[in-house]
Amino acid sequence: MLFEALKAVKAAVRPGVTTLELDRVAESVIRSYGAIPSEKGYEGFPGSICASVDDVVVHGIPSDRVVLREGQIVSIDCTVLLDGYQVDAARTFPVGEISKEAQALISAAKESFGKGLEFARAGKRIGDISHAIQTCVEGHGFGVVRSLCGHGIGKEMHEDPEVPNFGMAGHGLRMREGLCIAVEPMITAGDYRVYIAEDDWAFLTRDHSLSAHYENTLAITANGDPMILTMPNGFAGEDV
Ligand code: MF3
Ligand code: CO
Ligand code: CO
């Protein structure tokens, strides 16, 4: 259902649309399933989605003053509550034609998630995921944001453990069946350092380089591949 919301947002992304319009698209799909857009009101956040354009890494507030332009990239991050449980996912979409570098950045975010996913198994450690993501992203010459992390998820949007996108293999919590985590590489075309905007929400790259985000919620199984709760056809299947 979150997947369907992201799909609808993707279809609505074009030059001239505002990020507030994208918020409305997501909210109506979510509510049509009887689910709740749980970012709305979270610590006072006003949107049903985060809509983060270009050098905004995450937590962009949807606004009727943010009009998308050809060549930009927009990251949509959304958390929903259904039957008492939260799921969280994000994608970065191109607005019309974008540069080769922007496309490479978007692809690297997804690819690094896939590398992390290989270690999301009972008996492996959180650091194994972190290290795989970092190695992939830096191998492409891109930066990994350090000050924002993935996280455990369940009845609450943010639960233990933290799931950093950088770190050492063999370190951190050993994963067990039933653990649900949101894995979410946030990557930059330049400096990985970020700062918080004047609205106290948006995180921007310090050097204003482009940033991309890719997130899914997954459940660790007893043995074998994790279940991706936000991709009905699995990671190798159709994406939004
Ligand atoms: N979806 C975000 C995450 O990946 C959290 C959103 S913060 C909010 O952890 F304020 F927008 F809710
Ligand atoms: Co999210
Ligand atoms: Co998250």
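The values are calculated or read from the model by the stated rules, or taken from the named source; none is laboratory data. Bear in mind that the values here come from a model prediction, so they are computed numbers and not experimental data. Heads up, the Cβs are rebuilt from the backbone with ideal geometry, glycines too, and the neighbour counts pull from every protein chain shown. The accessibility values were calculated without ligands, DNA or RNA, using every heavy atom of the protein model including side chains. Shrake-Rupley method; radii C 1.70, N 1.55, O 1.52, S 1.80 Å.
Points to keep in mind about this one:
- Dipole magnitude for region 3-122: computed about the Cα centre from +1 point charges on Lys and Arg Cβ and -1 point charges on Asp and Glu Cβ, it is near 240 debye.
- For residue 45, the solvent-accessible surface computed with a 1.4 Å probe is close to 10 Å², ligands and nucleic acids excluded.
- Calculated FRET efficiency for the pair residue 32/residue 147, C-beta based, R₀ 45 Å, to 0.05: 0.80
- Summed residue charge, Cβ within 14 Å of residue 35's Cβ, Lys/Arg positive, Asp/Glu negative: -3
- Cross-link partners for residue 115 among the aspartates and glutamates, with Cα-Cα distance under 20 Å and sequence neighbours closer than 8 places in the same chain left out: 88, 128, 138, 162, 177, 184, 215, 225, 238, 239.
- Signed unit charges on C-beta, dipole axis of region 2-228, positive-most listed residue 122, 219, 99: 122
- By the helix-only formula, in which each DSSP H run with n ≥ 4 contributes -39500 (n - 2.57) and the sum is divided by residues, the chain has a 222 nm mean residue ellipticity of -7500 deg cm²/dmol.
- About the centre of its Cα atoms, the chain shows a dipole size close to 420 debye [charges on the beta carbon of Lys, Arg (+1) and Asp, Glu (-1) only; nearest 20 debye].
- Relative packing of 105-114, 134-143, which averages over residues the other C-beta atoms within 10 Å, highest first: 105-114, 134-143
- Gyration tensor (alpha-carbon) shape descriptor, the chain, a/c threshold 1.5: oblate
- Between region 1-49 and region 154-201, the alpha-carbon centres lie 22 Å apart.
- Spatially proximal lysines relative to residue 155 (Cα-Cα < 22 Å; intrachain offsets below 8 disregarded): 40
- In the context of the full set of protein chains, region 1-109 has a per residue accessible area of 41 Å² (1.4 Å probe).
- Nonpolar atom fraction for the chain, defined as the carbon and sulfur part of the 1.4 Å probe accessible area, stands at 52 percent.
- Size of electric dipole in region 63-192: Cβ of Lys, Arg +1 and of Asp, Glu -1, about Cα centre, debye, nearest 20: 280 debye
- Each residue of region 37-54 is assigned a 3J(HN,Hα), and the resulting list reads x, 7, 6, 5, x, 5, 6, x, 5, x, x, 8, 9, 9, 10, 10, 9, 6 Hz, derived from the Karplus form 6.51 cos²θ - 1.76 cosθ + 1.60 (θ = phi - 60°), x at Gly and Pro.
- Karplus-derived 3J(HN,Hα) values for region 86-100, using 6.51 cos²θ - 1.76 cosθ + 1.60 with θ = phi - 60°, are 9, 10, 9, 8, 8, 9, 10, 10, x, 9, x, 7, 10, 5, 4 Hz; glycine and proline are entered as x.
- For region 218-226, backbone phi angles converted through the Karplus equation (6.51, -1.76, 1.60; θ = phi - 60°) give residue-by-residue couplings of 9, 10, 6, 9, 4, 7, x, 5, x Hz, Gly and Pro being listed as x.
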